[in-house]
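Please read the structure below before turning to the comments.
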Amino acid sequence: YFLSSSDAENAAIDSGAAGPGWVRTGEAFGAIAPDACHGSRPVQRFYTHGANTHFFTVDAGECGFVRRADPGWIHEGEAFGAYTPLYGQCPARTVPIRRVYNNRWMFNDSNHRFVARAVLYEQMLARGWIGEGVVMCLWDGNS
């Protein structure tokens with residue numbers, strides 16, 4: 001699974017730049033810009049060559065841990081903005097984004113998936129992925 005907030009990156013993957021077999025899941029959620037005045041924070045994007053995977057976090061502590069814990073993670077900068085959940089809950093008019101992990105680090109095939117729909121989160125858990133709960137909150141454009 002791959003998450004991108006860049007139209008150019010999406011177009012490149014759609015045209016085969018990431019290799020064969022990549023198809024869109026049809027899942028999407030609306031990103032926002034970081035805006036300290038309104039409380040949204042930057043979501044940091046990391047990449048590791050080893051597992052050829054990306055990782056996203058809005059949590060400053062988690063960001064610091066990833067930067068210190070494994071020098072193989074490359075900080076790629078801010079991807080988009082989000083709100084930080086408080087005790088696993090999102091503010092009004094936002095959508096909780098949940099993260100699941102496939103726990104395949106021992107095969108150098110780690111992957112995280114970020115989902116907005118609770119039912120999809122439950123489906124991923126049923127497939128053996130590890131639930132990491134609500135990790136960010138995004139604006140609900142329907143509110």
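Helical runs (DSSP H, four residues minimum) scored at -39500 (n - 2.57) apiece and divided by the length of the chain put the mean residue ellipticity at 222 nm at -5500 deg cm²/dmol. Working note: Debye formula, equal point scatterers on the alpha-carbon atoms of the chain, no solvent; log10 I(q)/I(0) at q = 0.10, 0.17 Å⁻¹ is -0.34, -1.06. Between amide H atoms placed 1.01 Å from N, distances below 5 Å from A82 occur with R41, V43, all of them 5 or more places distant or on a separate chain. Excluding ligands, DNA and RNA, the accessible surface per residue across the chain is 60 Å² with a 1.4 Å probe.
By the combined test of axial Cα extent (at least 27 Å) and Kyte-Doolittle hydropathy (mean at least 0.5), none of the DSSP H helices of the chain qualifies.
Solvent-accessible area of the chain (1.4 angstrom probe, protein heavy atoms only): carbon and sulfur portion equals 53 percent.
The values are calculated or read from the model by the stated rules, or taken from the named source; none is laboratory data. The model shown is predicted, which means the values in this text are computed figures rather than measured ones. Please note that ligands, DNA and RNA were not included when accessible areas were found on the heavy atoms of the full protein model with its side chains. Shrake-Rupley method; radii C 1.70, N 1.55, O 1.52, S 1.80 Å.
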